[in-house]
1. Please give every one of the lysines within straight-line cross-link reach of K357, meaning a C-alpha to C-alpha distance under 18 Å, and leave out same-chain neighbours fewer than 8 residues apart.
2. Taking only Cα atoms and a 10 Å spring cutoff, compute GNM fluctuations for the chain and point out the largest among I91, I288, I79.
3. Testing the spin-label approximation: label points 7 Å from Cα along Cα→Cβ at Q11 and S67. State their distance in nm.
4. Excluding residues fewer than 8 places away in the same chain, name every one of the lysines whose C-alpha is closer than 16 Å to that of K208.
5. Return the FRET efficiency for the residue pair K86, D352: r is the Cβ-Cβ distance, R0 is 30 Å, and the value is rounded to the nearest 0.05.
6. Subtracting the Cα-Cα distance from 0.36 nm times the residue separation, let me have the gained length for Y314 to D238 in nm, one decimal.
7. Order by neighbour count: D70, D352, fewest other Cβ atoms within 10 Å first, most last.
8. Compute the longest continuous run of the chain that contains no exposed GluC sites (Glu not before Pro); treat a site as exposed when its DSSP state is not H, G, I, E or B and it has at most 16 other Cβ atoms within 10 Å.
Amino acid sequence: MSENLNKLLNQKIEQYKSKTQQSHKLQLNATKFMPGGSTRTTQWMEPYPFYAKNAKDQHITDVDNNSYLDFMINATSLIHGHASPKVINAIKTQSDIGTAYSAPTDGQTKLAKLLTDRTPSIETLRFTNSGTEATMMAIMAARAYTNKQKIAKFEGGYHGTHDHVSISVGPKESELNESTNPGILQYPGQPKSLLEDVIVLPYNDIEKTKELLTQHSNEIACLIMEPVISGLGYLPLDIKFLEFTREITKELNIVLIYDEIQSYRLAPGGAQELFNVTPDMTTLGKIIGGGLPVGAFGGKEDIMDLLNPSSENYNLSHAGTFNGNPLTMEAGAVVMEELTDEKYEKMNTLGDNLRSKLNSIFNELEINAQITGIGSLFGINFNDNKIKDYRSFIKNNGLLTKILFMGSVNNGILMQTKNAGALNTLSSELEITKLEESTRTIATEIKSNI
């Protein structure tokens, strides 16, 4: 079976190579100046990435003039599609009068108001240039507020690339211990002391999570978590577990931080509005920047007041040359203003339809697969087990995952390499059908080779 499937994968790879010769040339040149020819891990794919030429609406075109229906949309960030006319116009208008200032602009206030008005947990906020910076600053604020050192996170939870969240992000199955805590370092030379400072919890396990949080409560400043797990095929956490984590963190005086950098697209106020669970702080990114670098963190005013230079409570500095840069602020404001209730409802309904159709394909073909996701987010997982946490997710069949991804690319469909993706406000039944038909074709090939 695996021999036939490996042959199928190799066929898909060779087909891709034949269609992307100009990209291959650019990749070879890029490797001279950047490790692996890449400056961003998520842009890498085997055998090499295609190189973008241009993009418009829901399609991206590579330098070999192959067009792809884009469900990756730059890691879910382009919620109005590529080169949205209103966003482009806002960027052009602002660029004519300046791209960066040492002084604030009203654009910062405009976008901040749009976000605070929408988001239940955010009374005030600050902007950063990335989601990584946002989670880093939120954790610093929680520590300053509680005067406690340790943090808690979940096994398999990704919150950017700074040391304290780079614990047990994607460990190999062979590295796992019986307990999630202590965690597992991400890279050689990472300080071992982090394993004392970061308490690693299991998703959807109320008993064990309560035990670990209670045991270390006097030292834990915050619990940072995604209500919808981006790295696990956009798996929404069980509502009872979300309610539990809210209750236990209140009880133990632990700041609850929601990383909504990807899940904020699910409703005007993000997943916290959808699930009716309000954290103490929230980090944002992706969609709020109009396709430009952005991040934000905010929460209760008494926490955020620690960053207020005019307050007697001020004890946490937050600098950044391009924080709140005017291009991003103007583009982000347009994006958020255009996100009406009707557009959220349309995307989420289409997402429900897509997940249902994908489920039907694998059920009909009797291929073990689970379709995860919520709202406009989806994931296709070749897994015999019910996915409930990181340890069940990594049981996914890697070979079938690669075949579906590479086959989809050859069919003009772009998803994340784990076969997850997102819809946007331009999505319609037409695009859903194209993804459905492509997936059915590849799944049928897989079935014939099993």
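Please treat every number below as a calculation from the coordinates, not as lab data. Being a predicted model, the structure only gives us computed values, none of them experimental. Cβ atoms come from the backbone with ideal geometry, glycine included; neighbour counts cover every protein chain shown.
1. Partners found: K346, K434, K447.
2. Maximum fluctuation in the GNM of the chain, among the listed residues, is at I91.
3. According to this spin-label approximation, the distance is 2.7 nm.
4. List returned: K153, K240, K388.
5. After rounding, the FRET efficiency stands at 0.65.
6. So the chain would gain 23.6 nm between Y314 and D238.
7. D352, D70
8. Counting only loop sites that pass the neighbour cut-off, the longest clear stretch is 1-122.
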